[in-house]
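I have placed the structure first, in the form of C-alpha cells, so that the comments after it can refer back to it.
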Amino acid sequence: MVHISAIERLWTKKGIDGTPYAPKTLISILPAIESTYTAKPANEHVLLVDWNGEVLDPNHSEQSACAKAALDNANQRAKGFVQHTGTSK
C-alpha cells in the first residue's frame, strides 16, 4: 500500500534539497498502482490509502476516480518536468 500523499507529492519540488520528489522505489511501482485502478480485473494490486486512512477501493467508482485523478496529475507533472529539464524519469 502507498499513501496518496506520496502520489500527490510526486514530481513536485518538495524534495529535501528543493529537487523534485521522485523516489525510485515509488516510480518503479507506479505501473502496478495504475493497473490496480484502471485494469478490470486488476492485474496487480498495489492499493492507495486515502488521507482518512481508508484504502481506496478499485471496485468503488468514486474511490477509484480519486486514485486515478491523483495518478493522472502525477503523470502530468512528470511530463512537465521532462519537458523543462530535458531529462527522463
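The values are calculated or read from the model by the stated rules, or taken from the named source; none is laboratory data. Computed from a predicted structure; not experimentally measured. With ideal geometry, Cβ positions are generated from the backbone for all residues, glycine too; neighbour counts draw on all protein chains shown.
Please determine, by comparing only the residues of segment 1-20 that are touching a residue at least 60 places away in the same chain (Cβ under 8 Å) and out of contact with any Asp or Glu (no Cβ under 6 Å at 6 or more places or on another chain), which one is surrounded by the fewest Cβ atoms within 10 Å (Cβ to Cβ).
12
Go through (1) over 12 Å from residue 58 (Cα atoms); (2) in a helix (DSSP H, G or I); (3) polar (S, T, N, Q); (4) at pLDDT below 95 for residue 35 and report which single condition fails.
Failing condition for residue 35: (1).
State the number of residues belonging to segment 21-32 that are assigned to a loop (DSSP other than H, G, I, E, B) and buried (at least 16 other Cβ atoms within 10 Å of the Cβ).
From segment 21-32, those assigned to a loop (DSSP other than H, G, I, E, B) are 21-23; that's our starting set.
From what is left, the residues that are buried (at least 16 other Cβ atoms within 10 Å of the Cβ) are 21-22.
Result for segment 21-32: 2.
Considering segment 54-75 alone, what residues qualify as being over 17 Å from residue 32 (Cβ atoms) and assigned to a helix (DSSP H, G or I)?
Residues satisfying the conditions are 61, 62, 63, 65, 66, 69, 73.
Taking the condition at pLDDT below 95, crowded, with 16+ Cβ neighbours inside 10 Å, part of a helix (DSSP H, G or I) and of a type in the set (Gly, Ala, Ser), does residue 78 pass?
yes
Listed residues 11, 51; which is closer than 16 Å to residue 69 by Cα and either in a strand (DSSP E or B) or at pLDDT 95 or above (or both)?
Within the list 11, 51, the selection yields 51.
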